[in-house]
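The structure appears right after this line, and notes come after that.
What follows is calculated from the coordinates using simple rules that are stated; it is not laboratory data. This one's a predicted model, so the numbers in the text were calculated from it and none came from an experiment. Neighbour counts run over all protein chains shown; Cβ positions are idealised from the backbone, glycine included.
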Amino acid sequence: MRSAIHNNRGFTLLELVLVLILFSLGSMVLGRALIIGSQIYVQTYERSFQLTEIIKAVHQVKRDARKMVSYPSAITSTTQFRLRRQDGTQVNYRFTQNRLLRNGSKILEDLRDFEFSYFDNDQNPTGNIDVVAFIKIEATSTVGEGAINWTELIYVGK
């Protein structure tokens with residue numbers, strides 16, 4: 001009977017330490033994978049949020065451009081233009097200090113670049129207000145390590 005009790009020795013201290021080390025290494029690998037996964041999720045969320053904001057701002061410009069009576073009444077630069085709407089109000093767009101302003105109110109921020117370009121019916125660049133048929137909007141935003149680019153061509157007639 002005594003020999004049966006002595007054969008069941010259990011685990012040695014060395015075996016327990018090795019198991020603890022393996023569990024620790026596995027936990028470290030799993031923890032690092034979770035951290036990387038959460039960082040990717042946050043970056044993806046930030047990019048999609050900024051892209052949604054850019055799309056909303058560009059659609060606002062589009063709505064204003066479609067409601068205008070006259071063509072851009074002032075082409076002052078590639079970062080600013082003015083529209084006169086059917087109800088008689090004027091809408092001023094201006095890109096300054098990484099923000100897009102509509103009548104002085106911020107509608108988009110965290111932009112690296114935002115430009116308005118003007119084209120005639122043949123889609124040739126023009127600075128002549130009388131022949132503007134298209135307004136091209138280009139927006140670039142920096143999110144994390146990458147950049148988001150959005151281009152929209154708005155037909156305004158002529």
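Odds and ends about this structure:
- For residue 79, net neighbour charge (Lys/Arg +1, Asp/Glu -1) across residues whose Cβ lies under 10 Å away: -1
- Given charges at beta-carbon only (K, R positive; D, E negative), |dipole| of region 11-155 in Debye: 580 debye
- Coordinate range of the alpha-carbon atoms in region 11-155 per principal axis, descending: 91, 30, 23 Å.
- Residues whose amide H falls under 5 Å from that of residue 133, counting only those 5 or more places apart or on a different chain, are 119, 120, 121, with hydrogens built in the peptide plane.
- Once C-alpha pairs closer than 8 Å and six or more residues apart are averaged by separation and normalised to the residue number of the chain, the relative contact order reads 15 percent.
- Order by protection proxy (mean Cβ within 10 Å, highest first), peptides 28-41, 84-97: 84-97, 28-41
- Put a dot 7 Å past the Cα of residue 59, heading toward its Cβ, do the same for residue 153, and the two dots end up 2.2 nm apart.
- Computed [θ] at 222 nm, helices only, for the chain once each DSSP H run of length n ≥ 4 contributes -39500 (n - 2.57): -13500 deg cm²/dmol
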